[in-house]
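The values are calculated or read from the model by the stated rules, or taken from the named source; none is laboratory data. Just so it is clear, the structure is predicted and the values come from calculations on it, not from any experiment. Glycine gets a Cβ as well: all are built from the backbone with ideal geometry, and neighbour counts include every protein chain shown.
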Amino acid sequence: MNILVADDEPMLVRAIEGRLRKEGYTVQSASDGQQVLEQIARQAPDLIITDIMMPYASGLEIIAAVRSLPGKKVPVIILSSMGQEDVVLEAFQLGADDYITKPFSPNELSVRVRRLLTA
Amino acid sequence: MLVVLLLLVGLIAFMLLYLLRRAALERRNTRWRVHFSSLIQRAIDWEGAEGDRLPVTFRASRSLKRPAARQLLIAELITGKRALSGSAGANLVRLYSQLGLGADSLRKLASPAWHRQAQGVQELALMEQRNQVARIYRLTNAPNEIIRTEAQAAIVQLYGFEGLRFLDVLVRPLSEWQQIHLLRLLSRTPGTPSGKLREWLRSTNPTVRDFARKLTAEHHLEDMLDEEIQQTE
């Protein structure tokens, strides 16, 4: 299973990458929205974990782009420090599958990833 | 003409040296980040018992002899602590304590630069260094507003409603923005305002009185406020 992790904080990307690799997933990473859009265009991953506030394209734009792709539906988990109700609702309305607010537990993230990939 | 030419050559040489130096520092920081990355990763995934020490790689401990490397690691741990909760967040705090990085943060409190002091306060609070509360508490009445607000927020982060005891002695203004910030921090804390609330409603500091009124409204203690108003009248 191939997971794309996008966050503009390298330390956090490394931490999530490390955890997911340990669980047997193949992980790609991106540090801005543009990189995510390019990687999706090349080859859609099996799951995307993305922050909302990122340079060039936000997590919300990424959801919209992913949902416009033909073929199988790629699950998207939003991982953001923005916990405001309107942002969370907008993310779900655009088609996010899950929303995790920072600070988050990596154990909880692992469980949610597994749940979405086995659904 | 010659002077201008010499100045130009000097300027170019300075810029080149500066860029080379910056590139060298960036390479060094990248190397350290690689060392620390595995250290942090191990800490995040660590499942040891209470008294056990977190594993520290040889390369990381060698790098940590340099103060700049220690500062880089503190910055990485702070970023991690802001983003991670649960056992992962707790392990980052444990790593910070185990490596004695609190001493580096503490040194910042003695710095003459206000931004260094504010940074030190933030680091100690985020890394839950409750043993340094006395040092932070002294800064809750600091003349510099940024240091003061950071220290007040730190105390509330560490001790919740108990931390509000700095209001007893606060003689400087508590800005509207800071009041909102403190209320937001307190909204994530269990408990209610202490019995000191009546004293704060009578404080000689008008901004403390204002904040106390907001606290009574937030915690539906309007009766207390009414009693105080009646007594004053």
Does segment B:163-196 hold any residues that are surrounded by 14 or more Cβ atoms within 10 Å (Cβ to Cβ) and more than 17 Å from residue B:213 (Cβ to Cβ), and which are they?
-> B:163, B:165, B:166, B:172, B:185, B:189
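Any chance segment B:19-28 includes a residue that's more than 19 Å from the chain's Cα centre (by Cα) and within 14 Å of chain A (Cβ to nearest Cβ)? Explain how you work it out, then say what you get.
First pass over segment B:19-28, keeping only residues more than 19 Å from the chain's Cα centre (by Cα): B:19-28.
After this cut, where a residue has to be within 14 Å of chain A (Cβ to nearest Cβ) as well, the list is B:26.
Looking for residues that are more than 19 Å from the chain's Cα centre (by Cα) and within 14 Å of chain A (Cβ to nearest Cβ), one finds at least one in segment B:19-28, hence yes.
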Go through B:216, B:204 for me and flag whichever is among the β-branched types (Val, Ile, Thr), modelled with pLDDT of 80 or more and surrounded by 11 or more Cβ atoms within 10 Å (Cβ to Cβ).
-> B:216
Examine segment B:55-72 for a residue that is within 14 Å of chain A (Cβ to nearest Cβ), assigned to a helix (DSSP H, G or I) and not small (Gly, Ala, Ser), and state whether such a residue exists.
-> yes
Matching residues, segment B:88-100, being within 19 Å of residue B:130 (Cβ to Cβ), in contact (Cβ under 8 Å) with a residue 40 or more places away in the chain and either within 12 Å of chain A (Cβ to nearest Cβ) or surrounded by 22 or more Cβ atoms within 10 Å (Cβ to Cβ) (or both) = B:91, B:92, B:95
Do we have any residue at all in segment A:9-26 that's buried (at least 16 other Cβ atoms within 10 Å of the Cβ), away from chain B (no Cβ under 14 Å) and either in contact with a helix residue (DSSP H, G or I) (Cβ under 6 Å, 6 or more places away or on another chain) or free of Cβ contacts under 8 Å to residues at least 40 places away in the same chain (or both)?
-> no
For segment B:118-152, how many residues meet the condition of being buried (at least 16 other Cβ atoms within 10 Å of the Cβ), of a type in the set (Gly, Ala, Ser) and within 19 Å of residue B:103 (Cα to Cα)?
-> 4
Can you tell me how many residues in segment A:67-119 are within 14 Å of chain B (Cβ to nearest Cβ) and either touching a residue at least 40 places away in the same chain (Cβ under 8 Å) or among the aromatic types (Phe, Trp, Tyr) (or both)?
-> 5
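Looking at this structure, is residue A:60 under 24 Å from residue A:10 (Cα atoms), touching an Asp or Glu at 6+ places or on another chain (Cβ under 9 Å), among the hydrophobic types (A, V, I, L, M, F, W, C) and assigned to a helix (DSSP H, G or I)?
Numbers: under 24 Å from residue A:10 (Cα atoms): yes; touching an Asp or Glu at 6+ places or on another chain (Cβ under 9 Å): yes; among the hydrophobic types (A, V, I, L, M, F, W, C): yes; assigned to a helix (DSSP H, G or I): yes.
Considered against the rule, which asks whether it is under 24 Å from residue A:10 (Cα atoms), touching an Asp or Glu at 6+ places or on another chain (Cβ under 9 Å), among the hydrophobic types (A, V, I, L, M, F, W, C) and assigned to a helix (DSSP H, G or I), residue A:60 comes out as yes.
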Candidates B:148, B:198, B:188, filtered to the one that is at pLDDT below 95 and out of contact with any Asp or Glu (no Cβ under 8 Å at 6 or more places or on another chain) = B:188
